[in-house]
Amino acid sequence: MRVLRLNPIAIALILAVILFVVGGIVQPGFASYGQGMNILRLAAFLGIVAAGQTLVIISGGERIDLSVGAMITLGAILVFRFGDGQNDQALLALALALGVGLLIGAINGLGITVLGIPPLVMTLGMAGVIQGLILVITGGRIEGEAAPALTSLVSGSLIFGIPGVVLLWLLLGGVMWLVLQRTAYGRRLFAVGTNRVTAKLSGVRVPSVLVLTYALSGMLAALGGVVLLGYTEQVFLNLGDPYTLPSVAAVVIGGTLLAGGVGSYFGTMAGALVLTLLTSLLTALELPESARLMVYGATLLLLLSLYGRQKALRQ
Amino acid sequence: MADVSLSAQHLVKRYGGVVALADSSLDVQSGEVVALIGANGSGKSTLGKIITGAVVPDGGRLLLDGEQARFSSPQAARRMGISAVYQELSLVADMTVAENVWLANEPLALGRVRRKERKERTARLLSLFEDALGPSVGPDALVSALSPSDRQIVEILKALSREPRVMILDEATASLGGRQVERLFELVGEWKARGMALIFISHRMEEIFQIADRATVLRSGRTVGAADLKETSEQELVGLMIEGGIAEQRHIAHPGETAGEKTVLLETEDLRSSVLNGVTLQLREGEILGLGGLQGQGQSNLLLTLFGAAPHSGTIRLAGEQVRLSHPRQAMKQGLAFVPGDRGGEGLLPIRSILENLLLPSWSRYGAFLNMRRARNDSEAVSQSLRLKMGSLDHPVNSLSGGNAQKVVLGKWLMRGPKVLLLDDPTKGVDVGAKGEFYKILSDLRERGVAILLHSSDDEELVDLCDRVLVMRDGVVSRQLSGGNLNKSVLVSASVGAASSSSDSAPSGGAA
Amino acid sequence: MSAAWASIGPRLRRVALRQSYAFALLLLVVAVAINYYLQPTFFQPGILSGNLLLFVPLMLVAVGQTVVVIGGGIDLSLGAIVSMANVIFVSLMSQEASPSRILLALAAGFLAGILAGALNGFCVAVLRFQPIVTTFATSFIFAGLALYVLPEPGGVMPPGLVNFFYINPLGLPMVLWVVIILLLLWALLRSTRYGPYLYATGGRDLSAFVSGVPVSSVRFLSYCIAGLMAAAGALALALSTGTGNPIGGTDLMLQSIVAVVLGGTRLSGGQGGVAGSIIGVVILSLIQSIVSFSGAPSSWQTLINGLIVVAALAGPGLVALLGRRRRA
């Protein structure tokens, strides 16, 4: 399987470039700097959310976090409601949102490790609980305001017309690299994902690693929500839903195996870029939504066939 | 049953650099039981797997009824009338006995499974072992609820249900109790009379003499003898099993004297776990204590338990103080180290780099933001001291040969300067040259006062390396060999339970 | 979890595993009791039937999901298949109500469901793609097809069929008949060779393979069955709502997974059954009505509902945890 040896990140980036160029050919103005920045900004939202998902998937066992969508919405609502348009209050609300994300993520982790609930179902169930929490907090009515500092960070441009959120995303990329490659936690995470038994027999406390991973996933999803708020400036109840499964796709396209133990956040970033470009290109082509969806799905399948296959039973 | 004859001729099988079978042959006819015997690692299982179609040989041929046979799968062999009794491999735990026995062979009517008939047939099969099964064993019992010995019987019945002409029992009696073995042998007698040909792979001398007509002896992948059991003695067979063998370079670390003066670093009292039935031992600094005996008698579990990786009761003392080891991390911090038996599955992260593997237990020593330079230097130092042959520290571990991969497993512990080293069959699948280097490393560690507890499936290795050897049987230490008794023939005899004429030192408590 | 299982007597364990829906039954009884206490009129046949009617599509999808899960897989595209089949049924039947037209529509919709399942099955069983991401990808393809066939919600079902669920053959509500037929079909499937093959494949595919079970074919077929059931769910949706809708299958798919797990089937495969999943669906519907009857403020209802579901999911795990504690 020579194709498997090719670096998935390279494939993803090449694909991204191809998509960008094709877009430029088909739709003049698509390949412009401004449009490029816009796409990067959109990709950043998915990318930030997928950071947590990356950690969860690296932990192996085909674990995914299905509560990220709800967490995004919750994060956004907390800042919207409690920040209430004041910058300093918004900062406190941000801390609150991240803390709540951490806590709920930890609950996910505990349910999975201590109670042995399958990750898919636990995170799914918690998503329902989070949605309930959202309704309780907002009482059905969504009041509040996005803090101006947030909006200008996200939508405004800081240097060379690069939106602030993109810089934030790049910063996150650096932080994720540090965490995965330069902390004991990151190393242990890869070990757990590669082989739980070996990890345990080498002194790694596997349940702790998993709980921390889910906690981080929750926190990063909340961060994603806050950032998304800066872009949309409005909150609605299923703000985060369109990001849940695509965050998984972005991670897988980026070369991280669902089986765990292999991957990087840079891959996820490339994956998020590819997915966003694909969506934008399909929109630019002015295809009817039905065709857009079908091409999107078919492209994902194609990517899977390149490096998504599993071992045969016959050894 | 029509007459059948099976002849394996000069079979060869290699796994990477290791030769499992060099030139092995075996013949069996209708109405006879041929025992296939050999020491650990002689290739018996591989030969069995080739005959049953689970493994394809690299050389030689198989003749069934005089015609060449090539089996592409176990199914193919089964269709030709060759059935094997696996060690629980083919059972699905959450299904019933009846469902398992008839899996992929169900009695059908109009496409639907005839459950009543399946249940009756299973009951009939089970009745063959009537008074030898546990109380709750019936066609509708879940396999997960059965004891290992009952499960083994289900495997036997499953093989039998295919009405084979040739049946291979590979260590089938290993998990069976006395009455069950008796009953099995009665049945074997009946099957023989009906014309079945049987191959009985086993270690247990008393059983072999009871049941088999002839014996074929394998040693280091070669057939070294065939004998009629009516005209052979146990001693002769054991002699065939062990005599000669490959001369290997061994750095023998061997005073062999009692090390009574040295401090006891690790001791256990009545250690019990799911497999252990009360193990008491002492391990002294600067000694290599061996764990021997047949496979699966609790050796691996003992090592796991000592490392805090298995639930247990009983006492463990380190340097005189009792410790409670409930996780490997605690054991590690107390200066213990463990090299597991399944290198790829438990000791290494195959797809990750050598560097990562070496550092896995020790990351917390390099700061909150890992000081990679120091980590790299330390790894370089360890790899050099172990003379690790590798491309670079960043290559994945699965690019290394078996011997070098094992050095990585050892290396990750040596970086921490352990006081007690637990090793589970560390040189299995390692080539001769690397083995020699490994022995030197162990002997150096011994000189430095490290206490080493070593389990090996290679009897010669145990004899040459260890100061003392504890022979394990059924989860306890059954004998302790040292000094003049520490030689291969005594060890092999002790392992197979044969009576020994020479006296030996009493085992240190807890013996069966 | 296996350590806890060993500590409960073998007999009890066998009951628990064989009748894996035992815990679900317990939950069901509790849920019914609470519901009755809060709103006795809930159980009048007409009202009960009307409420359960809403859950028939979910029931059908959950049954399909169960088959895939028992075989060791999972299908995240079932919701999209429902949408796709739903619009095919409605748009073909909308025009006229002639029997031949109706039959054509039925055939087309069910065929579409099976083919969709076959695509999933091919990718997972033959090409060995990972189930989660694969079915996620195919869900887009099916969703796109649904939009292609019917860009906007609409269409009308033939008048005769709209009352389908209000017919009471032999005096029993149609919903009950659906459950009975499902259980019968499942019993039939399970009684063929496919039954043991499916459970073996999900339980330990290596053992199944060594024993001669055609593991790939078994998995492929499980996805086809799921697709078929999704189409059935789509039909039920069309019959109960009277119209077609090309979007919104995601909730159904996620709920189906929760129902399957509530019903006692493990996501890792190899055990469980359809009966449990049906009970799981009923439990979900009862939880919803308990929450609404409880008089809790409406903004709190979703949260309470979610917490109860998580608690129910945690049940078996908590039992196992306590079992382990007692043993150690």
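Each value in this text was obtained by applying a stated rule to the coordinates, not by laboratory testing. Quantities reported herein were computed from a predicted structural model and do not represent experimental measurements. Glycine gets a Cβ as well: all are built from the backbone with ideal geometry, and neighbour counts include every protein chain shown.
When the helices of chain A are scored as -39500 (n - 2.57) per DSSP H run of n ≥ 4 and the total is divided over every residue, the value at 222 nm lands at -24500 deg cm²/dmol.
The GNM of chain A, with springs linking C-alpha atoms under 10 angstrom apart, assigns the highest mean-square fluctuation among A:Val49, A:Val121, A:Val226 to A:Val121.
Taken one residue at a time, the phi angles of region B:12-19 give Karplus couplings (6.51, -1.76, 1.60, θ = phi - 60°) of 10, 8, 10, 10, x, x, 9, 8 Hz. Gly and Pro are set to x. Amide hydrogen proximity for B:Val339: with H placed 1.01 Å from N in the peptide plane, the residues at 5 or more positions away or on another chain lying under 5 Å are B:Leu422, B:Leu423, B:Asp424. Going by neighbour counts of Cβ atoms within 10 Å, the residues B:Asp23, B:Asp459 line up, fewest first, as B:Asp23, B:Asp459. Bridging of B:Lys419 to lysines at a Cα separation below 24 Å is possible for A:Lys200, B:Lys262, B:Lys333, B:Lys407, B:Lys428, B:Lys435, B:Lys440, once same-chain residues fewer than 8 apart are set aside.
Membrane-span-like helices in chain C, defined purely by DSSP H runs whose alpha carbon atoms cover 20 Å or more axially and whose average Kyte-Doolittle hydropathy reaches 1.6, are C:22-38, C:56-70, C:78-94, C:131-149, C:174-191, C:274-293. Mean partner shielding of peptide B:107-113, defined as the number of other chain Cβ atoms within 10 Å of each residue Cβ, is 3. Once backbone amide H atoms are built at 1.01 Å from N, B:Thr280 has B:Asp270, B:Leu271, B:Val477 as its partners under 5 Å, excluding neighbours fewer than 5 places away on the same chain.
Among the lysines, which have Cα under 16 Å from the Cα of B:Lys13 when same-chain residues fewer than 8 positions away are ignored? Partners within reach: B:Lys44, B:Lys49. Region B:56-104 and region B:209-229 have Cα centres separated by 23 Å. Mean separation of Cα pairs under 8 Å and 6 or more residues apart, divided by the residue count, gives chain C a relative contact order of 36 percent. Counting Cβ atoms of other protein chains within 10 Å of each Cβ in A:242-249 and taking the mean gives 3. For A:Glu143 and C:Trp177, a Förster radius of 41 Å and the Cβ-Cβ distance give a FRET efficiency of 0.25, rounded to the nearest 0.05.
Put the Cα centre of region B:314-342 next to the Cα centre of region B:427-459 and the gap is 20 Å. Taking a point 7 Å out from the Cα of B:Phe369 in the direction of its Cβ, none of the residues of region A:69-107 has a backbone N less than 17 Å from it. Mean separation of Cα pairs under 8 Å and 6 or more residues apart, divided by the residue count, gives region B:1-107 a relative contact order of 25 percent. Rounded to the nearest Hz, the phi-derived 3J(HN,Hα) couplings of region B:463-480 under the Karplus curve 6.51 cos²θ - 1.76 cosθ + 1.60 (θ = phi - 60°) are 5, 6, 8, 8, 6, 9, 10, 9, 8, 9, 8, 6, x, 9, 7, 8, 8, 10, where x marks glycine and proline.
Summing charges over all other residues whose Cβ lies under 12 Å from the Cβ of B:Ala337, with Lys and Arg as +1 and Asp and Glu as -1, gives +3. Using a Förster radius of 41 Å, what is the FRET efficiency between A:Ile14 and B:Lys389 based on their Cβ-Cβ separation? Nearest 0.05, please. With a Förster radius of 41 Å, E is 0.70.
Mean partner shielding of peptide B:139-149, defined as the number of other chain Cβ atoms within 10 Å of each residue Cβ, is 3. The charge dipole of region B:94-163, taken about its Cα centre with unit charges on the Cβ atoms of Lys, Arg (+1), Asp and Glu (-1) only, comes to about 340 debye. Put a plus charge on the Cβ of each Lys and Arg, a minus charge on the Cβ of each Asp and Glu, and nothing anywhere else: the dipole of chain A about its Cα centre is then about 1480 debye.
Measuring nothing but how far apart in sequence close Cα pairs (under 8 Å, 6+ apart) lie, relative to its length, region C:192-277 scores a relative contact order of 31 percent.
The distance separating the Cα centre of region B:392-421 from that of region C:122-141 comes to 38 Å.
A Cβ-based charge dipole, computed about the Cα centre of the protein assembly as shown with Lys and Arg at +1 and Asp and Glu at -1, lands at about 640 debye.
For C:Gln271, nonlocal amide neighbours, meaning residues 5 or more places apart or on other chains whose placed amide H falls under 5 Å from its own, are C:Arg266.
The 3J(HN,Hα) values that the Karplus relation (6.51, -1.76, 1.60; θ = phi - 60°) gives for region A:8-19 are, in residue order, x, 5, 4, 4, 4, 5, 4, 4, 4, 4, 4, 4 Hz. Gly and Pro appear as x.
Of all lysines in the structure, the ones whose alpha carbon falls short of 19 Å from that of B:Lys192, not counting any fewer than 8 places away in one chain, are B:Lys158, B:Lys230.
Computed from the C-beta positions of A:Leu287 and A:Ala31 and an R0 of 22 Å, the FRET efficiency is 0.75 to the nearest 0.05.
Extending 7 Å from Cα along the Cβ direction at C:Val162 and again at B:Asp27 yields two label points whose distance is 8.7 nm.
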